[in-house]
Structures are given as structure tokens and as C-alpha cells.
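Have a look at the structure below, then the notes.
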């Protein structure tokens, strides 16, 4: 029995990054031998065990064979005669197909270290085409490793293009797509995830609402980047600069979907794109089974992001309406999330990346003035029932007018 650290732990150690999770491969062992040493079985499709003390995962070396379409259509073979090289050969990228012995000796049969040094994401073998999830994983690794200058090898992009053309991507289930999207949105620069998917043609299959934004123009006066797709990726990267909250980053990603269906004769203007975008956001969320808290914020940002940009022009009554629509008085955190997504939208333009929009101060001043008027004050005055709500609105409106006379 021989044990090797494999995968991401080896990759990150060689890159000098913190290693948080370690996975191990066991060569030359049987499930019975693992159980006899106190390992806890957890694998269903193939033998995976938890170490009795560290709880780290130990998997028996295995090979796999494609027997049906999609990412679940595999059979696995785990036996003592499966070699480490055979186990590593089934992995997606060369930088993930390295192993290390307990004494630190590197085992690198597929050139992973060389690709790490060259900052290249390259597939290990033609077996890559058998699993469509690998397209999402490559795109996610492109996002994760973007700060270190990694790029996808041209031959890997070509392989991914063939997978898209052969319909393999159509077999992806919503839960897996959402899981990979969520992980990509957690990176410090999410945009390469979408750039890689677009380069191989997968974006138009998996996220058609986002794909159709590319090539759609906007007024250069307000958007020096012009292209809506380019703007969208700038916005999602800005949202990652502003907050770690993935709900905000998702809202930033989808806020302009309505511009993708503006009739071309109206370009570069997009009057009414906010309301047109709401059904698209809702449809995408249904398709990917997006959690409600993500969907609700995304819909609100889509519908009301122009209120933010026009804050200096809005009447006090319109500002109050916005706060009620956002449920801002009962859910101040949602109001903060809305502001963050809209700030990312403002910054997601060439030349505006480091400018804090003045609308933030206007909206916060108006909100805090209105929020200072509390229902408890009216109850203390003896008001009851529907009268409380009516008077509360009137006093909140008066409070806003004091700080925002428009």
C-alpha cells in the first residue's frame, strides 16, 4: 500500500498558495484493508474513505470508462493493480494531475509542473471530452488563477469547442451549473469564467441570456466600453472588488439582461430594458434552480438600478417608493446589497473603475432620514391600525424632503 497527496493540494503547494484541503490516493490496497486500518467508507460510486483522525479523503486508485452521455455516464474500476499514473490520467488538467509522496517527492507524469511554470491550463488526455463538467471546471480555474496570469491552452479550447458542437454540454444538470457558477462568483475576478465559456461556445448554451449581450451597443457617452457584454463582465469584476457577498455579485451579473433583447433599430438606446430584463432573470433562476435570496435581490437590482443612477433627479416621493419596494426599512441589509450592486454597475465602465458614484451619498442620506421615523413613535402618540401606515409614509416623505428637496 502506497499513499500519495494528489490534485489541488499539490498544485497550490507548488504555487506557494495556502493548502486548505488535502486529498490522497491509495495505490495497492483493497477496501477491506482500508476498513481494517480504521478508515471510514463514504464513497458510493467508488471506494473513498475518511481518515479516522484527520477526516481527510483517501480514495483507492481507479480508472474510469465512458458508457453513456453526460457527466454521470461512467463506470469505475478500483483495484490494487491500478497504478498511480493510471489514476492521474483520468484527471482534467495537467496541473491537477500531479502527486506527492509523504516525503515531498513530486510525481508528474503529464507535465503539470511545466504548465504551472508557463501558466497554462491544459487537458491531460483526450478522455477530457467524456465529461462536460470539465468545461465548467476549466472556466472556473481560469477565473481562480487569473491573478497569476494563467490562460487556457488553444488545443484545450478547441477540444471544448468540439464538446459543445457534439452536444455534451446539453447534458449538464442545473444543480451542477449553479454550483460551478457560484464558485466562480466567489473568485476575486470572476470574468474569465465567462470569457472561457464564450471562447468555446458554451456560454450560448449554458447562459444564453448573457451570451446575447455581446455585440450589443450602448451610448458611448455613458458607456465608453460600448459593448453590453463587456460592460457586464466589468460590472461583475467590480462587484467582486466591493463585496464578498455572492448574492450581490450574481445581481451584478444579470442586471442588464434586458438589453440583450432590445430591438436593434433602437440601438444604442435601451429604453425599458429594466422591466424587459425581469422575466429573463426569473427564467434563468428557474432553469438553474437558483436559491430565492439570490433571485429576489437580482430581480430588484434589475428592475430598479436606474433609480440609483438617477437619484439626483428623483422626487422625494419616488425615493420613498424605492425604499418600500426594496423593503429597506425592515431589511436594511438588502438595501446595502442593492447599493453595492448598483455601485458596481457605475464603476463597471472604462475610466470609472475607481470613482465612487455620488448617488450613494444621496440615497443613504434620504434613507437614513426616512428610517429614523419609526412606527413605535406613532403608537406612542395613540395612533392605531391603518392610520399608522399612512402617517408613517407622510412623515418619512417629509423627512426625505428635508434632506433631498427635489
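The values are calculated or read from the model by the stated rules, or taken from the named source; none is laboratory data. All of these numbers come straight from a predicted model, not from anything done at the bench. Counting neighbours? That spans all protein chains shown, and the Cβs are built from the backbone with ideal geometry, glycine included.
Would you mind listing the helices (runs of 4 or more DSSP H) fully within segment 325-406 where at least 1 residues are closer than 30 Å to residue 229 by Cβ?
Answer list for segment 325-406: 332-347, 359-371.
Take segment 41-55 and flag every residue that is in contact with a helix residue (DSSP H, G or I) (Cβ under 9 Å, 6 or more places away or on another chain) and part of a strand (DSSP E or B).
Once the filter is applied, which keeps residues that are in contact with a helix residue (DSSP H, G or I) (Cβ under 9 Å, 6 or more places away or on another chain) and part of a strand (DSSP E or B), segment 41-55 yields 41, 49.
Which members of segment 358-388 meet the condition of being buried (at least 18 other Cβ atoms within 10 Å of the Cβ) and without any contact (Cβ under 8 Å) to a residue 24 or more places away in the chain?
Scanning segment 358-388 gives a single hit, 378.
Yes/no per residue for (1) in contact with a helix residue (DSSP H, G or I) (Cβ under 8 Å, 6 or more places away or on another chain); (2) closer than 20 Å to residue 275 by Cβ:
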{"position": "305", "(1), (2)": "yes, yes"}
{"position": "331", "(1), (2)": "no, no"}
{"position": "343", "(1), (2)": "yes, no"}
{"position": "370", "(1), (2)": "yes, no"}
{"position": "375", "(1), (2)": "yes, no"}
{"position": "382", "(1), (2)": "no, no"}
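Just give me the residues in segment 263-282 being touching a residue at least 12 places away in the same chain (Cβ under 8 Å) and either part of a helix (DSSP H, G or I) or within 12 Å of residue 341 (Cβ to Cβ) (or both), in sequence order.
Just the residues of segment 263-282 that are touching a residue at least 12 places away in the same chain (Cβ under 8 Å), to begin with: 267-270, 272-278, 280-282.
If the condition is that a residue be touching a residue at least 12 places away in the same chain (Cβ under 8 Å) and either part of a helix (DSSP H, G or I) or within 12 Å of residue 341 (Cβ to Cβ) (or both), then 273, 274, 275, 276, 277, 278, 280, 281, 282 are the ones that fit.
Can you confirm whether residue 325 is closer than 21 Å to residue 256 by Cα, surrounded by fewer than 16 Cβ atoms within 10 Å (Cβ to Cβ) and within 25 Å of the chain's Cα centre (by Cα)?
Spelling it out, it is not the case that residue 325 is closer than 21 Å to residue 256 by Cα, surrounded by fewer than 16 Cβ atoms within 10 Å (Cβ to Cβ) and within 25 Å of the chain's Cα centre (by Cα).
Residues to consider are 110, 58, 71; find the one that is in contact with a helix residue (DSSP H, G or I) (Cβ under 8 Å, 6 or more places away or on another chain), in a loop (DSSP other than H, G, I, E, B), surrounded by 14 or more Cβ atoms within 10 Å (Cβ to Cβ) and at pLDDT 90 or above.
Going through 110, 58, 71 in turn, the sole match is 110.
List the pairs whose first member sits in segment 105-131 and is without any contact (Cβ under 8 Å) to a residue 40 or more places away in the chain and at positive phi, whose second member is surrounded by fewer than 19 Cβ atoms within 10 Å (Cβ to Cβ) and not in a helix (DSSP H, G or I), and whose Cβ atoms are under 7 Å apart, counting only residues at least 6 apart or on separate chains?
119/149; 119/151
So residue 63 passes all but one of these: (1) crowded, with 16+ Cβ neighbours inside 10 Å; (2) free of Cβ contacts under 8 Å to residues at least 40 places away in the same chain; (3) part of a loop (DSSP other than H, G, I, E, B); (4) touching a strand residue (DSSP E or B) at 6+ places or on another chain (Cβ under 7 Å). Which condition number does it fail?
Of everything listed in (1) crowded, with 16+ Cβ neighbours inside 10 Å; (2) free of Cβ contacts under 8 Å to residues at least 40 places away in the same chain; (3) part of a loop (DSSP other than H, G, I, E, B); (4) touching a strand residue (DSSP E or B) at 6+ places or on another chain (Cβ under 7 Å), residue 63 misses just condition (3).
What are the residues in segment 148-194 that are part of a helix (DSSP H, G or I), surrounded by fewer than 16 Cβ atoms within 10 Å (Cβ to Cβ) and free of Cβ contacts under 8 Å to residues at least 60 places away in the same chain, if any?
Passing the criteria: 154, 155, 158, 161, 162, 165, 170, 179.
Would you call residue 340 out of contact with any strand residue (DSSP E or B) (no Cβ under 6 Å at 6 or more places or on another chain), surrounded by 14 or more Cβ atoms within 10 Å (Cβ to Cβ) and without any contact (Cβ under 8 Å) to a residue 40 or more places away in the chain?
The answer is no for residue 340.
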